[in-house]
Structures are given as C-alpha cells and as structure tokens.
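One structure follows; several queries about it will come next.
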Amino acid sequence: MARRKTRRPWIDYLAYLAVRSLVDFAQMLTIEQSYALACGLAWVLYHVDARHRRVGLDNLTHAYGDSLSDQERDQIVRGVYRHFCTMLMEILHIPRKLHLANWRDWVVLVGHAPILDQFMNGDRPMIFLTGHYGNWELAGYVFGMFGFPTVSVARTLDNPYLERYLRSFREKTGQSLIPKTGGYEKMVEVLQSNGALSFLADQDAGQRGLYVDFFGRPASTHKAIALLAIEHQAPVFVGVARRIGPGFRYEIRCEDVIEPASLSGTADDVRILTQRYTSALERLIRQDPTQYLWLHRRWKHQPQKRRVASGERDVSDL
C-alpha cells in the first residue's frame, strides 16, 4: 500500500508567502500592466507546462474532431493559457475596481430577471451552476455585492494558509463556502433555509459517476446536484461570466433555468436534469472555447464495458 505523503507546514507557508508576494506585486500595477504580465506568464506556461498542453490538445480533438486543424487547436490552447492568466490578474483587481457605483461600466447582465426575482422573494431554495469557463469568481463576487450572497461548494485546498487566504477573498461580499467533501449535510441545511448554493458542475466524478453527453462524448458527472434540486424543488440556474472585452468587461449570462417540477417525475429525472445543464454549459463554451479550461481531464473516466456470458447482452448496450 502506498504511503500518504506527509505535508510539511513550512513548505505550505513558503508557498503562501510566494503567492502573497505575487498578489501584492500585481495589485501595485495598473490593470493594463497586469494584462501585460498575464500575457508574459501565459507564454511561459504554454512552453513549460507540456503535460497540461497535451491534455488540452487531446480534449479539443475529442470535442471538435476533424472540424479543427492542428493549428486551430494549438491557437485555442494558447488562448486558454492567456485567458486564465488574465483572469487571475483580474481577480486580484476586482475588490478595488468593481463596486456598486460603477459595476455597469464593467458588467452586463443577460437573462437574470428570474434570478433576481427569486432572490428578492426569498421563499425558495436556489442552485447556481457554472463551469471552469470565463471568470466564475467574478459572478459570485457580483451577486454578493448586490446583497444576494451564495454559498459555494468547493474543494478545500491542501495548503491551509492558501485556503484561508482564498476564503477571505470570497467572503468579502458575504459569500460563504462549504467543503465539497463531507459537506452534504450543510448543503441540505442551506436549501432547507431557502438559501442559494453554487457549484462548478463540469468536474469528472470518477468511474461511478453519471455519464452524460458533453461535446459528443460520455462525461462522468456528479449526481448530487440533480438529487438536491429534485428533493428540495430548487430551480437550477445555469450561467457564466464571459469576457466580452475590450479589457475588463464581462457578460454575466443566464443560459437556462431548470424547474424540477417540469420534469417527468420518474427515476430518469436525475439523468435528464444533469444532461440539460451539461448541454447548457456546452452551448456557452462553444461561444468562445478559449475561455474554457480544456487543460483539466474532463473525460478522465469512461464507461466500462463488462464481459458477460456468451449469448447475453453486454451492459453497455442497455
């Protein structure tokens, strides 16, 4: 049995100090200077991060097939590095740049009337879904700034110093966090009190996840979101914060609203709801593939075919 690596607090603290130093330096720059720094950092990462670069190219091959040339796939991957380095710099500037008096200069809301109505009524639980697309931290910050804070479900960072630092940023506008592992009871409490949960809903759920179609390929997806929505009759809002430029300018778009009451009421509702929000995310990603994190292994697991006795059907045919 492989032994678990023991974490060393002093290494974690040095990593935290390095991150804080980068943050402090970036915040001393103008947003334009930060963009220049992001471009340089993206160029370096593209050339040294061969493993994730290959993952991105492979994912694009599966997602788009022959409709993209090798050069087009490479250009998208380069754009992914630029986008996420730029997004990081923007996150560092958000607290100083974005406030109630000027948010319309930087953010456009599209299709949010149903969301705001639900928030103001406060008589139903809500679930917000997005993916690793655009700037998901911006969306949570904006809603918290409006006085409509959400409770985000997220994986706890292994480094406790960085975890506390990231948590402090998210909590500046009233957001709060629930750990992805071991936080199910707290999620239920939020929904029972008519609160709003938010999830990043495009992460691989392992071999035992629910497989739905994503860019024409089975993608293992967590069932818990659909189960919570159906059990608590919480409408599911699918949206993103997409950069529309130039510079720091975003569109926060609600792509779909899924009402559990509109489903069939059968055992297949979990699959139907999961497929529907996954398809909504795919439509959004196709608008600008460079803003999606193709560098993570979304299709890491695939359905397994089980061998059966001669004359019986394979389970993959069912």
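Could you tell me which of rounded, prolate or oblate describes the stretch 164-253, using a ≥ b ≥ c as the square roots of the eigenvalues of the alpha-carbon gyration tensor, with rounded for a/c under 1.5 and, failing that, prolate when a/b is larger than b/c and oblate otherwise?
oblate
Which value results when the Cα radius of gyration for the stretch 4-43 is divided by 2.2 N^0.38 Å?
Compactness ratio reported: 1.58.
Report relative contact order for the stretch 182-318 in percent, whole number only (criteria: Cα-Cα under 8 Å, sequence separation at least 6).
About 24 percent, as a whole number.
Starting from the Cα gyration tensor of the stretch 1-97, take the square roots of the eigenvalues, sort them a ≥ b ≥ c, and report rounded, prolate or oblate (rounded when a/c is under 1.5, otherwise prolate if a/b is larger than b/c, else oblate).
Oblate, since a/c reaches 1.5 and b/c is not below a/b.
Tell me the mean residue ellipticity at 222 nm calculated for the chain from its helices only (DSSP H runs of n ≥ 4, each -39500 (n - 2.57), averaged over every residue, nearest 500).
My calculation for the chain gives -15500 deg cm²/dmol from helical runs alone.
Mind jotting down a quarter of the surface of the convex hull over the alpha carbons of the chain, in square nanometres, one decimal?
20.1 nm²
What are the membrane-span-like helices in the chain by this rule: whole DSSP H runs, Cα extent along the axis at least 27 Å, mean Kyte-Doolittle hydropathy at least 0.5?
Span-like helices here: 9-28.
In whole percent, and with a 1.4 Å probe on the protein chains, what portion of the accessible area of the stretch 236-281 is carbon and sulfur?
Carbon-and-sulfur percentage of accessible area, whole number: 51.
Quick one: Cα centre-to-centre distance for the stretch 29-47 and the stretch 149-179, in angstrom?
Taking the Cα centre of the stretch 149-179 as reference, the centre of the stretch 29-47 is 25 Å away.
Then there's this: For the stretch 180-240, with only Lys/Arg (+1) and Asp/Glu (-1) charged at the beta-carbon, what is the dipole magnitude about the Cα centre, in debye rounded to 20?
120 debye
Taking LYS97 as the anchor, which lysines have their alpha carbon closer than 22 Å to its alpha carbon, excluding any fewer than eight residues away along the same chain?
LYS172
Stokes-Einstein diffusion coefficient for the stretch 140-199 at 20 °C in a medium of 1.002 mPa s, Rh from the Kirkwood formula over Cα pairs: what value in µm²/s?
In µm²/s, the coefficient is 181.
Quick one: putting +1 on the C-beta of Lys and Arg, -1 on the C-beta of Asp and Glu, what dipole do you get for the stretch 1-103 around its Cα centre, in Debye to the nearest 20?
Using Cβ point charges on Lys, Arg, Asp and Glu, the stretch 1-103 gives about 720 debye.
For the chain, what is the accessible area per residue in Å² when the probe is 1.4 Å?
I get 53 Å² per residue for this part.
What's the FRET efficiency of THR61 with GLU185 using the Cβ-Cβ distance as r and R₀ = 35 Å, to the nearest 0.05?
Between THR61 and GLU185 the formula returns 0.30.
If the only charges are +1 at each Lys and Arg Cβ and -1 at each Asp and Glu Cβ, what is the size of the charge dipole of the chain around the Cα centre, to the nearest 20 debye?
With only Lys, Arg, Asp and Glu charged at Cβ, the dipole is about 1140 debye.
Of LEU162, MET145, LEU200, which is farthest towards the positive pole of the stretch 144-262's charge dipole, taken about the Cα centre with +1 and -1 on the beta-carbons of Lys, Arg and Asp, Glu respectively?
Final value for the positive-end residue is LEU162.
Compute the relative contact order of the chain as a whole-number percentage, counting only Cα pairs closer than 8 Å that sit 6 or more residues apart in sequence.
For the chain, the relative contact order is 21 percent.
Let me ask something else. Select from the stretch 1-84 those trypsin sites (Lys or Arg not before Pro) which occupy a DSSP coil region and have at most 12 other Cβ atoms within 10 Å, ordered by residue number.
Listed in order of number, the matching sites are ARG3, ARG4, LYS5, ARG7.
The values are calculated or read from the model by the stated rules, or taken from the named source; none is laboratory data. Values in this document were obtained by computation on a predicted structure and should not be read as measured data. No Cβ is skipped: glycine too gets one built from the backbone with ideal geometry, and neighbour counts run over all protein chains shown. Surface accessibility is based on the protein's heavy atoms, side chains included, excluding ligands, DNA and RNA. Shrake-Rupley method; radii C 1.70, N 1.55, O 1.52, S 1.80 Å.
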